[in-house]
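What follows is a set of notes on a single structure, which appears directly below.
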Amino acid sequence: MNNVVAIVGRPNVGKSTLFNKLTGERTAIVDDTPGVTRDRIYGECEWCGKKFMLVDTGGIEPYSDDIILSQMRRQAELAIDSAEVIILVTDLRSGVVATDMDVAAMLQKSGKPIVLCVNKCDTIGELPADFYEFYNLGLGDPIAVSSVHGLGTGDLLDEVCKYLPAEDENGEENEYIKVAVIGKPNVGKSSLVNAVLGEERMIVSSIAGTTRDATDSYVENEFGKFMTR
Ligand code: GDP
Ligand code: MG
């Protein structure tokens, strides 16, 4: 699986809580005390038929303000390098802070799709006025989420999935150009196919673990990847 979705954000905004909610596992450590060193956490997610790997980049929590900024930058760099989609988590209670602005600008420059999550929107109904402040980050429509109560997570995932490629039902198979060799019996279809396959170096036929006819043949050459049956 190569769809990676990274969660970035300041300490204590609720990254790990969100991660746990979305992956359905209590794998990320949720803690009120910053300064605890943890590993980056990976978890599989599926939404609307799309599978992706969610990464909680808040593995190492900084413990002072200046370190928070450098740490956030590192998280963001990691996410930019390795993720298809980045979720920037912010906190309704603290509002937009300078670090959020800094990281938002950095993420935006990367050109990667960014989904802005305003966490701790715990009340159902009309959004508080403070919510609209998050438009100032210049990352488009913020999505109101309460990771603790599981509110808004569907909207968040919908937004994330917009940027992920459509799930390829046939897996690898679609990458191959399908070639049909047709003709009357005995004109030499099989011999022709065999001749082509025989000349090529990288032949993969009847790949294990897939449900295909034994007659499926695969060939890769300088012109592309082909499949015939
Ligand atoms: P992280 O440092 O960004 O990973 O933040 P955590 O997930 O460890 O959460 C920090 C604190 O915020 C914890 O006490 C959480 O329980 C709390 N928290 C996380 N999400 C929410 C939320 O949606 N609403 C409220 N009220 N608190 C939350
Ligand atoms: Mg965390």
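List of remarks:
- Qualifying residue in region 196-213 (condition: within 26 Å of Phe52 (Cβ to Cβ) and modelled with pLDDT of 75 or more): no
- The number of residues in region 148-165 that are under 16 Å from Gly125 (Cα atoms) and part of a loop (DSSP other than H, G, I, E, B) comes to 3.
- Test for Ile87: is it modelled with pLDDT of 90 or more, within 11 Å of ligand 1 (Cβ to nearest atom) and within 13 Å of the chain's Cα centre (by Cα): no
- Val13 meets each of the listed conditions (1) crowded, with 17+ Cβ neighbours inside 10 Å; (2) more than 16 Å from ligand 1 (Cβ to nearest atom); (3) at pLDDT 90 or above apart from (2).
- Failed criterion for Thr99 (all others in (1) out of contact with any Gly (no Cβ under 7 Å at 6 or more places or on another chain); (2) modelled with pLDDT of 90 or more hold): (2)
- In region 117-154, the residues that are crowded, with 18+ Cβ neighbours inside 10 Å and either modelled with pLDDT under 95 or within 16 Å of ligand 2 (Cβ to nearest atom) (or both): Cys117, Asn119, Lys120, Val145, Ser147
- Considering only residues in region 79-116 that are assigned to a loop (DSSP other than H, G, I, E, B) and charged (D, E, K, R), the one that is nearest to ligand 2 (Cβ to nearest atom) turns out to be Arg93.
- Check on Phe52, within 19 Å of Ile143 (Cα to Cα), assigned by TED's automatic domain parsing to the domain that holds Leu127, open to solvent by less than 30 Å² (accessible area, probe 1.4 Å) and modelled with pLDDT of 85 or more: no
The values are calculated or read from the model by the stated rules, or taken from the named source; none is laboratory data. Computed from a prediction, not measured in an experiment: that's the story for all the values here. Cβ: placed from backbone, ideal geometry, glycine included. Neighbour counts: every protein chain shown. Just the protein is used for accessible areas: all its heavy atoms, side chains included, with ligands, DNA and RNA removed. Shrake-Rupley method; radii C 1.70, N 1.55, O 1.52, S 1.80 Å.
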